[in-house]
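The values are calculated or read from the model by the stated rules, or taken from the named source; none is laboratory data. Since we're looking at a predicted model, the values are computed, not measured. Counting neighbours? That spans all protein chains shown, and the Cβs are built from the backbone with ideal geometry, glycine included. In case anyone asks, the SASA skips ligands and DNA or RNA and just uses the protein heavy atoms, side chains included. Shrake-Rupley method; radii C 1.70, N 1.55, O 1.52, S 1.80 Å.
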Amino acid sequence: MPLNLAVLISGSGSNLQCIIDRVASGALHADIRLVVSNRPEAFGLERARKAGIPTVVLPHGNYLDREDFDRALIAAIRDHGADAVAMAGFMRMVTPMFLQTFPGRVLNIHPALLPSFPGTHGQRDAAEYGVRIAGCSVHFVDEGMDSGPIIIQAAVPAFPTDNGETLGARILTMEHRIYPQALQWLSEGRLSAQGRKVFVAPAARSKAFIGEPGEYMVFPPLEEGF
Ligand code: GRF
């Protein structure tokens, strides 16, 4: 059974594109039932249309409050038969009501090594701070800002000459690797959380890792196809 997935976006949708591409390659067993944007001008909507994926636009200004918006969001997701949610550059917090509707099935990608640099400008904040190792995190979404249990992280070097844009571009290449991998683990039912700790169960059939654990800076290691 593929993962019946809703992808939530607000902008360019390059993470959406990598999810689309991994589904097409057969590595990610998901059916992207719909793409939702809170911004009508989001380029990601074009990417969805090109891939033949239904789109829904919910301009957040049209709703009274977060709960009102989330009710519409839940209805759209359910109407399209999705029961798992990937937030991919979706610049909104969701309510507890939303999370209770899809328990343990809402993921987010953040362009920093959490818990450092949560919030809207993770890449810029890390560059300005002068870190030497930056990266990205896929995590379960909870009520807080980028605070849910971490599933997978990837690290990239950061240079004193970096700014948010140059560092952000380097981080983005790894976002595109780790997000589909985390979604595939969710699809296979291999993720479980105990408090803040996330466990990835071994694959049913043995899968080759890309490189040896410890040889590179993605952990848990990526499996073949990602
Ligand atoms: C990514 O850096 C993501 O981590 C952050 O917003 C950016 C979205 O990029 N939350 P895209 O829309 O997927 O290209």
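For the chain, what does the helix formula give at 222 nm: sum of -39500 (n - 2.57) over DSSP H segments with n ≥ 4, over the residue count, nearest 500 deg cm²/dmol?
Result for the chain, helices only: -9500 deg cm²/dmol.
Calculate the FRET efficiency for residue 188 and residue 147 from the Cβ-Cβ distance with a Förster distance of 25 Å, rounded to the nearest 0.05.
0.50
With the cut-off at 1.5 for a/c, could you classify the stretch 1-103 from its C-alpha gyration tensor as rounded, prolate or oblate?
Cα axes put the stretch 1-103 in the oblate bin.
Could you calculate the contour length gain from residue 21 to residue 79, that is, 0.36 nm times the residue separation minus the distance between their Cα atoms, to one decimal place in nm?
Roughly 18.5 nm would be gained on extension.
Give, as a single signed number, the net charge of other residues whose beta carbon lies under 12 Å from the beta carbon of residue 10, with Lys and Arg counted +1 and Asp and Glu -1.
Net charge in that neighbourhood comes out at +1.
Please give the length that would be gained between residue 64 and residue 132 if that part of the chain were fully extended, namely 0.36 nm times their separation in residues minus their C-alpha to C-alpha distance (nm, one decimal).
Value of the extension gain: 20.2 nm.
Go through the stretch 25-85 and name the GluC sites (Glu not before Pro) that are in a DSSP coil and have 12 or fewer other Cβ atoms within 10 Å of their Cβ.
Within the stretch 25-85, the qualifying GluC sites (Glu not before Pro) (loop, at most 12 other Cβ atoms within 10 Å) are 41.
Within 12 Å, Cβ to Cβ, of residue 188, how many net charges do the neighbouring residues add up to if Lys/Arg are +1 and Asp/Glu are -1?
Surrounding charge for residue 188 is +2.
Accessible area per residue of the chain at 1.4 Å probe, in Å²?
48
Looking at the stretch 121-196, which GluC sites (Glu not before Pro) are DSSP coil and have at most 12 other C-beta atoms within 10 Å of their C-beta?
When the GluC sites (Glu not before Pro) of the stretch 121-196 are filtered for loop state and at most 12 Cβ neighbours within 10 Å, 143 remain.
Can you work out the FRET efficiency for the pair residue 196 and residue 173, with r the C-beta to C-beta distance and R0 = 30 Å, to the nearest 0.05?
0.65
How large, in percent, is the carbon and sulfur part of the accessible surface of the chain at a probe radius of 1.4 Å?
Carbon and sulfur: 54 percent of the exposed surface of the chain.
Relative to 2.2 N^0.38 Å, what does the C-alpha radius of gyration of the chain come to as a ratio? Two decimals please.
0.97
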